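Structure first, commentary second.
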């Protein structure tokens, strides 16, 4: 990202945008439950970041700042469009959920980055099996390999992921939970 007291350049803004936009969108969607509105909110926040980049140089944690901005803009949207929603009620009830969403989004992003670094065959088998939920037999047919090769490539992928993520135990726990549920 960017260092403290450093102006956001066009290049660093692109990096921030492409790395955080999907996570912020998913985060905003948890509040507004509407893809179009969530996209609008995140784009507004990113536009604000770009327009105020010289004034925001002293922000110590840009990621937290953006998550907070998205949350606040989602609340503003809900408050302005659904009068029956009380901001105070939403705030108290969603603090732990909000933190959970952020942690899950971060863990998911770290895991997906690690998946992209797997050897090609492992990565393809892992994605088809664990992300797409395909059966071993279907993967074997599609990749023209044996079911045993699918099993061994999946196991190898999981072991490589656990090794590469060993310094991030929460992400390993997240991976284990996802593998048990077969839900990504």
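The values are calculated or read from the model by the stated rules, or taken from the named source; none is laboratory data. Model, not experiment: these values are computed from the prediction. Backbone-built Cβ (ideal geometry, glycine too); neighbour counts: all protein chains shown.
Considering the range 113-146, and only residues there that are part of a helix (DSSP H, G or I), closer than 21 Å to residue 18 by Cβ and touching a helix residue (DSSP H, G or I) at 6+ places or on another chain (Cβ under 9 Å), the residue that is modelled with the lowest pLDDT turns out to be 131. Among the residues of the range 36-57, those identified as surrounded by 18 or more Cβ atoms within 10 Å (Cβ to Cβ) and over 12 Å from residue 26 (Cα atoms) are 45, 46, 49.
Take residue 31 and decide whether it is at pLDDT below 85, more than 23 Å from residue 112 (Cα to Cα) and part of a helix (DSSP H, G or I). Yes: the conditions hold for residue 31. The selection criterion, being without any contact (Cβ under 8 Å) to a residue 12 or more places away in the chain and closer than 19 Å to residue 108 by Cα, does not hold for residue 25. If you check 178, 160 for being at pLDDT 85 or above, part of a helix (DSSP H, G or I) and either buried (at least 16 other Cβ atoms within 10 Å of the Cβ) or out of contact with any helix residue (DSSP H, G or I) (no Cβ under 9 Å at 6 or more places or on another chain) (or both), only one passes: 160.
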